[in-house]
Structures are given as C-alpha cells and as structure tokens.
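Reviewing the structure listed below.
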Amino acid sequence: MFMASHIQRRAFSASARNLSKVTVLGAAGGIGQPLSLLLKLNPRVTELALYDIRGGPGVAADLSHINTKSTVKGYDPTPTGLANALKGAEVVLIPAGVPRKPGMTRDDLFNTNASIVRDLAKACAESCPEAKILVIANPVNSTVPICAEVFKSRGVYNPKRLFGVTTLDVVRASRFVSELKGTDPADENITVVGGHSGVTIVPLFSQSKHPELSSNAELIHRVQFGGDEVVKAKAGAGSATLSMAMAGARMAESVLRAGQGEKGIIEPTFVDSPLYKDRGVDFFSSKVELGPNGVEKIHPVGKIDANEEKMLEACLVDLKKNIEKGVAFVAQNP
Ligand code: NAD
Ligand code: LMR
C-alpha cells in the first residue's frame with residue numbers, strides 16, 4: 001500500500017516536473033513557423049501556444065496533425081488571446097518583429113521592433129512573470145534591455161530568466177570553421193561573445209582547436225556579418241529564418257533540459273551580466289551555465305589574444321550605445 005502510493009507520488013511529481021508549456025510570439029512568421037515545427041517535434045514540450053497578430057491558429061491547426069504528444073493551440077490578438085497564450089508558459093520565445101532588407105543594419109529595425117517587443121514584454125510581465133523569456137527579435141542588443149526595463153517597471157524583473165538568443169552566431173562559427181578545415185562541425189565548438197550585430201559579435205578562435213584562425217580576417221568578418229550573407233541572398237524577402245529556427249530550438253531545448261534538472265548545460269547567450277558592468281555595459285553574451293531557475297553561472301571571457309582584445313574593445317563601445325538606446329526608449333515610451 002505504502003509502496004503503491006509512494007510510486008504514484010513519484011510518478012506524479014516526475015510528470016508534473018516534465019510538463020512544459022512553450023509559447024512562441026510571432027509564430028506565423030519566417031522564423032516562427034519552422035521554430036514551432038521543431039518545438040512540436042521536441043518531446044520535452046507538452047503544450048505549444050502559437051500567437052501572432054495574424055495566422056497563429058492556422059499554423060497551430062497544421063502542426064497539430066503531427067503525431068507527437070504535445071497539444072498545439074493558436075491564438076489571435078483578441079482581447080484575451082495573448083494572455084491565454086502566455087498563461088502557464090515555462091518558456092516564451094519572441095521572434096515577432098520585422099526582418100532586415102539589403103542595405104539595412106539591425107539597428108535600422110529599432111523603430112519598428114522596439115515597440116513590438118516592449119508591448120509583448122508587458123504582456124509577459126502580466127501573464128507569465130515566472131517564464132524564461134528568449135528574445136530573438138532584432139536588434140537583440142537593444143530588445144533585451146527593453147524587456148528588462150519593462151519587467152523592472154512592473155516589479156517582476158528576474159535577470160536569471162531573460163535571454164537574448166545569440167546561438168546562431170556560434171552555429172555559424174562552427175559551420176564556417178568546419179568548411180575551412182574539412183572537419184565535422186559537431187566537433188567545432190567556437191566561443192562567440194559580445195552581442196548580436198556586426199562588430200559586437202566577437203568570435204574567440206584563440207580558444208578553439210585552431211588558434212591560428214584568430215588572425216583570419218576573412219573568417220572573422222564572415223562570422224560577424226553572416227546575417228548579411230543571408231539578407232543579400234534573399235534579396236528583400238527577409239533574413240535568416242531556417243538556420244535561426246534551428247538555433248532558437250536548440251536554445252529552447254537547453255533551457256528546458258536545465259529546467260528539468262540536467263546539469264552542465266552551457267549556451268552562449270546575451271544576459272544581464274556582471275562581466276563589463278564597470279565599463280557601463282550591463283548586458284553581454286558569454287558562455288552561460290543554465291539551471292532550473294535560468295541563468296546559473298556566467299562564465300568569464302577567459303584568456304584571449306591581442307587581436308581579440310581589440311575586437312572586444314570595439315564591441316564594448318557599440319554594445320554600450322545599443323543597450324542605452326533600449327533603456328532610453330522605455331524611459332521615453334513606457
Ligand atoms: P517575419 O516578418 O517573417 O515574421 C515576423 C512575425 O512577427 C510575423 O508573422 C508578424 O505577423 C509577427 N508580428 C509582428 N508584430 C507582432 C506582434 N506585435 N505580436 C505578435 N506577432 C507579431 O520575420 P522573421 O524573419 O521571422 O524575423 C523576425 C525577427 O527575428 C526579426 O526582427 C529578425 O531580425 C530577427 N532575427 C533574429 C535572429 C537572431 O539571431 N537573434 C536571427 C534571425 C532573425
Ligand atoms: C542573423 O544574424 O541572421 C539575424 O540577426 C538576422 C539579420 O538581420 O541578419
């Protein structure tokens with residue numbers, strides 16, 4: 001009798017711990033659709049909530065026929081749609097916002113995307129203040145501080161639960177190096193630190209298996225401006241969506257695994273970081289160990305060479321401006 005109830009209790013607590021609602025805001029977009037598909041294929045996700053200003057229910061109906069166990073529901077911007085999509089979410093991914101066209105920088109997206117992200121952050125603060133928020137919408141260097149300011153203004157800011165998704169930069173670095181060296185990208189873990197745009201993206205090849213690559217200007221440029229390659233090739237039809245969906249799904253999977261108690265999960269991500277606060281840079285991407293509450297440990301940048309020192313200096317200058325711009329936006333447009 002004791003045994004049976006004990007086992008039942010254990011089974012209940014195990015399944016309760018493994019119930020993970022994941023919400024995608026901007027789910028009908030170029031990133032949102034393939035990202036939602038990958039999340040539907042992830043057995044850790046038990047409930048998938050897909051919100052968009054248009055098309056959420058259609059994407060949800062389509063994905064709901066895939067024979068994996070999770071339930072899928074789509075939400076429109078009705079008076080309760082966004083709140084219902086967010087209620088009970090463990091993880092919220094935000095790819096809502098406009099993408100670049102050729103000739104634009106990510107900062108050129110600020111005027112449109114800042115208010116989109118601010119308003120979605122307000123909804124998160126209201127409906128799922130405990131959720132881990134993964135911001136994909138650009139410019140990430142500014143949209144993450146925007147979320148932080150909104151959460152602070154509502155008294156629900158937890159720096160451990162807010163992440164800018166910079167995974168695509170390490171995915172690219174790993175692939176580009178493997179192409180150059182004829183190796184398996186699975187064996188090429190390249191650390192990339194800083195932010196997510198141009199010179200704020202700092203690959204640290206001196207820490208890789210190929211330290212000589214830290215003087216390869218062409219490769220460094222390719223990692224820093226990889227997004228431009230895709231924007232140019234899509235010729236006005238947007239920016240990276242499929243590779244970004246893969247990178248976002250990887251980040252979500254890592255956050256969920258750590259949330260379920262797995263140890264030693266490390267991802268690069270743009271977080272509220274102590275590393276360069278003395279330089280006025282409150283957010284920085286470095287290797288972050290994830291845990292049940294989100295950020296567990298922020299790893300320092302570590303030993304870098306003279307060329308990387310120079311890149312880091314340039315990164316900090318731009319990053320500070322990008323972060324301040326996000327903070328000022330919320331102060332002026334609460
Ligand atoms: P997209 O235009 O194809 O899709 C965006 C979606 O967001 C659309 O479906 C749109 O209806 C929706 N949307 C707009 N306003 C919304 C709101 N208020 N609430 C909910 N949904 C809303 O664009 P995309 O290619 O999917 O890119 C989305 C964003 O992701 C862009 O800002 C892009 O720059 C960024 N991005 C970031 C990375 C990264 O590494 N972090 C990589 C690629 C793209
Ligand atoms: C990327 O790195 O591909 C994204 O940030 C999209 C872009 O604008 O380049």
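The values are calculated or read from the model by the stated rules, or taken from the named source; none is laboratory data. Please read all numbers here as calculations on a predicted model, not as lab measurements. Quick reminder, even Gly has a Cβ in these numbers, built from the backbone with ideal geometry, and neighbours come from all protein chains shown.
Summary table
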item	result
Within region 186-223, tally of residues that are closer than 30 Å to residue 324 by Cα and part of a loop (DSSP other than H, G, I, E, B)	6
Pairs, first free of Cβ contacts under 8 Å to residues at least 40 places away in the same chain and closer than 18 Å to residue 249 by Cβ in region 165-194, second among the small types (Gly, Ala, Ser) and within 16 Å of ligand 2 (Cβ to nearest atom), C-beta under 6 Å, six or more apart	185/174
Of all residues making up region 200-226, the number that are touching a residue at least 60 places away in the same chain (Cβ under 8 Å) and in contact with a strand residue (DSSP E or B) (Cβ under 9 Å, 6 or more places away or on another chain)	6
Residue that is surrounded by the fewest Cβ atoms within 10 Å (Cβ to Cβ), among those in region 44-55 that are out of contact with any strand residue (DSSP E or B) (no Cβ under 6 Å at 6 or more places or on another chain) and more than 15 Å from residue 250 (Cβ to Cβ)	54
Test: residue in region 222-230 that is more than 20 Å from the chain's Cα centre (by Cα) and within 14 Å of ligand 1 (Cβ to nearest atom)	yes
Every residue from region 8-60 that is within 20 Å of residue 134 (Cα to Cα) and modelled with pLDDT under 95	18, 19
Filter result for the condition that a residue is over 20 Å from the mean Cα position of the chain (by Cα), within 11 Å of ligand 1 (Cβ to nearest atom) and part of a helix (DSSP H, G or I), over 117, 59	59
Residue ID - surrounded by the fewest Cβ atoms within 10 Å (Cβ to Cβ), chosen from residues in region 62-110 that are part of a loop (DSSP other than H, G, I, E, B), within 16 Å of ligand 2 (Cβ to nearest atom) and under 20 Å from the mean Cα position of the chain (by Cα)	105
Strands (runs of 3 or more DSSP E) contained entirely in region 249-308, each with at least 1 residues that are among the small types (Gly, Ala, Ser)	283-291, 294-298
Qualifying residue in region 297-309 (condition: over 21 Å from residue 204 (Cα atoms) and modelled with pLDDT of 95 or more)	no
Pairs where the first residue, in region 133-146, is assigned to a helix (DSSP H, G or I) and modelled with pLDDT of 95 or more and the second is within 11 Å of ligand 2 (Cβ to nearest atom) and of a type in the set (A, V, I, L, M), C-beta under 8 Å, 6+ apart	140/165; 143/137
